[in-house]
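> Here it is: the structure, laid out below.
Rule-based calculations on the coordinates, nothing more; no lab input. The shown structure was predicted, so the numbers you read here are calculated from the model rather than taken from an experiment. Don't worry about glycine lacking a Cβ; one is built from the backbone with ideal geometry, like all the others, and counts go over all protein chains shown.
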Amino acid sequence: IERVCRNLPPLDVAIMNAGLGIFQNAFDLLDDNINEMIDVNVRAPMLMTRRLSQSMIKRKKGHIIFIGSQAGKVATRKASIYAATKHAITGFANGLRMELAPFDVKVTAIYPGPIDTPFLQKVDATNAYRKSIEK
């Protein structure tokens, strides 16, 4: 993260869109699965934001956008850990919005529902969920 941020020009907008979901009961997940979801869905956006916001604060200009998930607002079976990581981003974005407001740096969180992407295809191998939302 440090190397990537160091090589970027000052950004006016940063979109935090990484996401990883491993959908199993929490008690069935391996520690590595949980750590991986936390690293991708929580730690990476927080660490990127900390670094990228520095130049926005100095310039008093910028907008950080987090792509969350409805799963962070409404948990479902076999998604408790994923939901927790997305809920963490909600809390982070809401607090960060207040912290960056004095510097005219905006923070937005977007909570889309399911989107027909390879991510959805991976977690819905039977297509049952996709068929239910097509109706």
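> In what sequence do Val4, Val40 fall when counting other Cβ within 10 Å, fewest first?
So the ranking, lowest neighbour count to highest, is Val4, Val40.
> Same structure again: Under 5 Å between amide hydrogens, which residues at least 5 positions from Met16 or on another chain qualify, with H placed 1.01 Å from N in the peptide plane?
Amide H neighbours of Met16: Ile65, Phe66, Ile67.
> Same structure, new question: Rounded, prolate or oblate, given the Cα gyration tensor of the range 9-68, with a/c below 1.5 counting as rounded?
prolate
> Listed here are the pairs Lys86/Lys106; Lys73/Lys106; Lys78/Lys106; which of them are more than 25 Å apart at the Cα?
Result: Lys78/Lys106 exceed 25 Å.
> Within a 10 angstrom radius of the beta carbon, how do Glu2, Glu99 rank from fewest other beta carbons to most?
On the way: Glu2 8, Glu99 12.
Fewest-to-most ranking of Glu2, Glu99: Glu2, Glu99.
> To continue, here is another question. Determine ³J(HN,Hα), in whole Hz, for all residues of the range 20-28 in sequence, where each value follows from phi through the Karplus function 6.51 cos²θ - 1.76 cosθ + 1.60 and θ = phi - 60°; x replaces Gly and Pro.
In residue order, the calculated couplings are 9, x, 10, 9, 8, 4, 4, 6, 9 Hz.
> Let me ask you something else. For Ala101, what is the net charge nearby, where nearby means another residue's Cβ is under 14 Å from its Cβ and Lys, Arg count +1, Asp, Glu -1?
Net of charged neighbours comes to +2.
> Quick one: net charge of Pro10's neighbours, Cβ under 11 Å, K/R +1, D/E -1?
+2
> Counting Lys +1, Arg +1, Asp -1, Glu -1, what net charge surrounds Met56 among other residues with beta carbon under 10 Å of its beta carbon?
Residues near Met56 contribute +3 overall.
> Counting other beta carbons within 10 Å of each residue's own, what order do Val74, Val42 fall into, fewest first?
Fewest-to-most ranking of Val74, Val42: Val74, Val42.
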